[in-house]
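One structure is given here, and the rest of the page talks about it.
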Amino acid sequence: MCVGVGKRLIQLASERAIQRESFSRKLMDQGLIQKRLFHMEIDTYTMESMTYLTSGILDSFSMPVISIESALTKIFATDRLYRLANDCLEIFGVEGIEIGHPIEQYLRDIRPWSMFDVPNDVLRLLTAWEGVMSVSSVIHDFVRKIRNPIHFPGTKLQHLLTGWTAKAQALRAPFTFKHDLWEKVNI
C-alpha cells in the first residue's frame, strides 16, 4: 500500500513541478525541486524493493521466519512515506494544506500507518533485540575462550595479534594518507 501511495505522490509532485512557475522559472528547472523529486523516487523504489524481497522470502520457503524483514520493511516504508508526503507538500506549498486537497488528505491518512498493528518504535526495539540475541551466542563463546587460555591458546593468541596489529595501524595512520574506506571499496 505504501508503494502505491508513494507513486501517486510522485505523480502529483511531478505534475505540480511541471505546471507551476516560481521566480520566472518552472519548478521542475530548479535544482532543489529536482533533488527532492529524485529522493522521492529513490525512496519509493527502495520501498518496493524491500517489499518484493520480503515477499520473495515468504514465497521461497515452506516455513519462513520473516519477522525482522517485515518489521524493517514496515518501519522504512511508513517513515519514508510520511517524508514523501511532506516533500510533496513542500512542492505544492500553501495550496497543499487546504482542507480537502489530496496532499492534505494523504498527510492526514498516512501518519497513523506507523502506529497500526505494532508501532514503529516497538518494531525498532524488536529488531535491535533480535540483533543482540543473534550475536550474543557468538560473543558468549568468544568470551569463554578468551577467559580460558589454557584450553583455547589459539583464540587468545589470535586476539592478542589482532589487538597489536590494530594498535600498529593506528600509530601509522596519521603519517600515511591511507584511509580505511578505500580498503572497503570493491572496484
Next on the checklist: If you only keep lysine pairs separated by 8 or more in sequence, or across chains, how many in the chain come under 24 Å at the Cα atoms?
Outcome noted: 9
Next on the checklist: Over the chain, with a Gaussian network built from C-alpha contacts below 10 Å, which listed residue (ASP79, ASP109, ASP141) shows the highest mean-square fluctuation?
Outcome noted: ASP141
Item to check | Candidates THR155, THR46, THR73: whichever shows maximal mean-square fluctuation once the chain is modelled as a Gaussian network with Cα springs under 10 Å | outcome: THR155
Checklist entry - Arranged by the count of other C-beta atoms within 10 angstrom, fewest first, what order do MET115, MET63, MET133 take? => result MET63, MET133, MET115
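Among PHE76, PHE61, PHE142, PHE92, what is the fewest-to-most ranking by other Cβ atoms within 10 Å?
Numbers: PHE76 17, PHE61 10, PHE142 13, PHE92 21.
Ranked by crowding around the Cβ, least crowded first: PHE61, PHE142, PHE76, PHE92.
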Checklist entry - Over what distance in Å are the Cα centres of segment 67-86 and segment 88-161 separated? => result 12 Å
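Return one quarter of the surface area of the convex hull spanned by the alpha-carbon atoms of the chain, equal to its mean projected area, in nm².
Value for the chain: 18.4 nm².
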Item to check | Most fluctuating residue given options LEU53, LEU157, LEU89, as computed from a GNM of the chain linking Cα atoms under 10 Å | outcome: LEU157
Checklist entry - Under a point-charge model restricted to the Cβ atoms of Lys and Arg (+1) and Asp and Glu (-1), what is the dipole moment magnitude of the chain relative to its Cα centre, in debye to the nearest 20? => result 1000 debye
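Quick note: the coordinates plus some simple rules give every number you see, no bench work behind them. The structure displayed is predicted, hence computed values, not measured ones. Every residue, glycine as well, gets a Cβ built from its backbone with ideal geometry; the counts of neighbours run over all protein chains shown.
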